[in-house]
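Peer 1: Got a structure for you, questions after.
The values are calculated or read from the model by the stated rules, or taken from the named source; none is laboratory data. Everything quoted here is computed from the prediction, not taken from an experiment. With ideal geometry, Cβ positions are generated from the backbone for all residues, glycine too; neighbour counts draw on all protein chains shown.
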Amino acid sequence: MANPSLLILAGDGIGPEVMTEVKKIITWFGTKRGVHFDVTEDLVGGCAYDKHGTPLHDDTMARAMQVDAVLLGAVGGPAYDNLDFSVKPERGLLRLRKEMDLFSNLRPAQCFDALADFSSLKKDIISGLDIMIVRELTSGVYFGEPRGIFPDNEGGRVGVNTQRYTTNEIRRVARSAFELAKRRGNKVCSMEKANVMESGILWREEVQWVHDHEYPEVELSHMYADNGAMQLVRWPKQFDVIVTDNLFGDILSDCAAMLTGSLGMLPSASLGAVQANGRPKALYEPVHGSAPDIAGQGKANPIACILSFAMALRYSFDMGDDAARVEKAVETVLANGARTADLMDKDGGTPISTTQMGDAILAALD
Ligand code: NAI
Ligand code: MG
């Protein structure tokens, strides 16, 4: 069988710095575990604009459609802030998501014990937390038509966006959530506002339909999204998998993620339809951006990017044991006290560098 293929798009700012540490782990899998990935590297974001005048070259897009998984660092930076909207670095990322049709965005919120004191919540509420938010990523109010700013009838203006979901769009992201739940705690909570929105009523009915017809063995509950926000900060461990729409998911996933500490710790996966080879179209990336304030200084925490690679092992390559091994290495290193600057209080001692954190994780893998 062909080696699993990876396209690495390190991007801008700290993207290449954190990706360097991931590449060491990819090499480790080849030499120590005999798992060889066919890796190609290319440009996305500002660096692609500098070379090609576009944040994502057509050849890169075509390659992304062919590989088993795309691994992305981060895009953007002050040098590109004044570019025309159509060639902004973020457009490269949006094009990838759209053309790969990555409708299911997975955002885990997992608390490493060593960092439990770092949370804004009490330790017993947060320790051992391991939940997964599945956010619909390609539809809803961010895409619905009509949209725009129009003159109104009173001499003023009206701003319009449309929340719109079809049966198919709801069912496919619901399936993705139920599949995940089967490999985790077997529990899905669906969140919408069925009390005040018709799209929310449809969401609730269709998620229930998928449950009743295809996943009756998974426990399903429904919750209004505003209550969901309260429950997430009150007692987050009541949840296993949460599935919700694009808008609510944007907010709830940021909220849940921050329960566990630093932006430098947060991985993500964006999955599309399952291909003939049984693998979903997939893009893995840290949640953080290009962090221009610390770029080039060796300060970036590589863990978000490393955990994103672990998600690739689990969700693209069915290597759940190896993913757990990477996660365990991260846990060990944190338990031993290794901290990049983002994981420390101001007078918490001397932080280690991006490279030192990567090397420590590599050593723990052995
Ligand atoms: P950001 O995530 O780049 O940085 C926010 C803060 O968190 C900064 O203080 C940064 O130093 C810190 N931080 C982020 N990642 C870190 C890491 N791995 N280790 C240690 N500290 C870390 O968000 P910001 O500042 O709003 O945006 C900067 C640029 O990144 C902008 O051009 C923005 O458009 C872009 N961006 C790109 C994203 C992507 O590629 N997916 C997502 C968010 C922003
Ligand atoms: Mg957000």
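Peer 1: Here are 274, 326: which of them is out of contact with any Gly (no Cβ under 9 Å at 6 or more places or on another chain) and more than 23 Å from residue 130 (Cα to Cα)?
Peer 2: Numbers: 326 fails: more than 23 Å from residue 130 (Cα to Cα).
Among 274, 326, only 274 is out of contact with any Gly (no Cβ under 9 Å at 6 or more places or on another chain) and more than 23 Å from residue 130 (Cα to Cα).
Peer 1: Across the range 1-52, what is the number of residues that are in a helix (DSSP H, G or I), within 15 Å of ligand 1 (Cβ to nearest atom) and farther than 16 Å from residue 63 by Cα?
Peer 2: Within the range 1-52, residues that are in a helix (DSSP H, G or I), within 15 Å of ligand 1 (Cβ to nearest atom) and farther than 16 Å from residue 63 by Cα number 12.
Peer 1: Additional query: Can you tell me which residue within the range 95-120, out of those that are assigned to a loop (DSSP other than H, G, I, E, B) and out of contact with any helix residue (DSSP H, G or I) (no Cβ under 7 Å at 6 or more places or on another chain), is surrounded by the fewest Cβ atoms within 10 Å (Cβ to Cβ)?
Peer 2: The extreme case among them is 120.
Peer 1: Can you list residue pairs whose Cβ atoms sit under 9 Å apart, with the first residue in the range 230-244 being at pLDDT 95 or above and surrounded by fewer than 21 Cβ atoms within 10 Å (Cβ to Cβ) and the second being part of a helix (DSSP H, G or I) and among the charged types (D, E, K, R)? Count only pairs 6 or more apart in sequence or on different chains.
Peer 2: Within 9 Å, no pair qualifies.
Peer 1: Ok, one more. State the number of residues belonging to the range 161-204 that are part of a strand (DSSP E or B) and surrounded by 15 or more Cβ atoms within 10 Å (Cβ to Cβ).
Peer 2: 7
Peer 1: For the range 247-282, how many residues meet the condition of being within 16 Å of ligand 1 (Cβ to nearest atom), within 14 Å of the chain's Cα centre (by Cα) and farther than 16 Å from residue 229 by Cβ?
Peer 2: Total meeting the criteria: 9.
Peer 1: Residues in the range 245-276 that are among the small types (Gly, Ala, Ser), over 15 Å from residue 303 (Cα atoms) and part of a loop (DSSP other than H, G, I, E, B): how many? Steps first, answer last, please.
Peer 2: Pass one, the range 245-276, residues among the small types (Gly, Ala, Ser): 249, 253, 256-257, 261-262, 264, 268-270, 272-273, 276.
The next check asks that each one be over 15 Å from residue 303 (Cα atoms); those that pass are 249, 253, 256, 270, 272-273, 276.
Remaining after also requiring part of a loop (DSSP other than H, G, I, E, B): 276.
The number of residues fulfilling the criteria is 1.
Peer 1: Just checking, which of 176, 253, 190 is touching a residue at least 12 places away in the same chain (Cβ under 8 Å) and within 16 Å of ligand 2 (Cβ to nearest atom)?
Peer 2: Among 176, 253, 190, only 253 is touching a residue at least 12 places away in the same chain (Cβ under 8 Å) and within 16 Å of ligand 2 (Cβ to nearest atom).
Peer 1: Would you check which residues across the range 53-86 are surrounded by 12 or more Cβ atoms within 10 Å (Cβ to Cβ), among the hydrophobic types (A, V, I, L, M, F, W, C) and not in a strand (DSSP E or B) and list them?
Peer 2: 56, 61, 64, 65, 67, 75, 79, 83, listed by residue number.
Peer 1: Only one of these is in the same structural domain as residue 289 (by TED's automatic domain parsing), more than 16 Å from ligand 2 (Cβ to nearest atom), hydrophobic (A, V, I, L, M, F, W, C) and farther than 21 Å from residue 57 by Cα: 150, 103, 85, 118. Name it. So that I can check it myself, show each step before the final result.
Peer 2: Working: 150 fails: in the same structural domain as residue 289 (by TED's automatic domain parsing); 85 fails: farther than 21 Å from residue 57 by Cα; 118 fails: in the same structural domain as residue 289 (by TED's automatic domain parsing).
The conditions single out 103.
Peer 1: Kindly list the number of the only condition in (1) within 16 Å of ligand 2 (Cβ to nearest atom); (2) without any contact (Cβ under 8 Å) to a residue 12 or more places away in the chain; (3) touching a Leu at 6+ places or on another chain (Cβ under 8 Å) that fails for residue 51.
Peer 2: That leaves (1) as the condition not met.
Peer 1: Then there's this: Say whether the condition of being assigned to a helix (DSSP H, G or I) and among the acidic types (Asp, Glu) is met by at least one residue in the range 221-242.
Peer 2: Yes - at least one qualifying residue is present in the range 221-242.
Peer 1: I would also like to ask the following. Out of 269, 295, 338, 304, I need the residue that is in contact with a helix residue (DSSP H, G or I) (Cβ under 9 Å, 6 or more places away or on another chain), more than 16 Å from ligand 2 (Cβ to nearest atom), closer than 27 Å to residue 35 by Cβ and among the small types (Gly, Ala, Ser). Which one?
Peer 2: Going through 269, 295, 338, 304 in turn, the sole match is 338.
Peer 1: Let me ask something else. Is there a residue being crowded, with 16+ Cβ neighbours inside 10 Å, among the acidic types (Asp, Glu), closer than 30 Å to residue 328 by Cβ and touching a residue at least 40 places away in the same chain (Cβ under 8 Å) anywhere in the range 7-14?
Peer 2: No, that holds for no residue.
Peer 1: Conditions: (1) of a type outside the set (A, V, I, L, M, F, W, C); (2) in contact with an Asp or Glu (Cβ under 7 Å, 6 or more places away or on another chain); (3) at pLDDT below 95. Residue 183 meets all but one. Number of the miss?
Peer 2: Against the list (1) of a type outside the set (A, V, I, L, M, F, W, C); (2) in contact with an Asp or Glu (Cβ under 7 Å, 6 or more places away or on another chain); (3) at pLDDT below 95, residue 183 comes up short only on (2).
Peer 1: Mind telling me which of the residues 312, 329 ends up being modelled with pLDDT of 95 or more, farther than 22 Å from residue 11 by Cα, of a type in the set (A, V, I, L, M, F, W, C) and in a helix (DSSP H, G or I)?
Peer 2: It is 329.
Peer 1: Further, regarding this structure: Being within 17 Å of residue 66 (Cα to Cα), modelled with pLDDT of 95 or more and more than 11 Å from ligand 1 (Cβ to nearest atom) is the filter here; which residues of the range 88-107 pass it?
Peer 2: 99, 100, 101, 102
Peer 1: Follow-up question, since we're still on this one. Can you list residue pairs whose Cβ atoms sit under 6 Å apart, with the first residue in the range 72-99 being more than 25 Å from residue 294 (Cβ to Cβ) and the second being aromatic (Phe, Trp, Tyr) and away from ligand 2 (no atom under 16 Å from the Cβ)? Count only pairs 6 or more apart in sequence or on different chains.
Peer 2: 87/49
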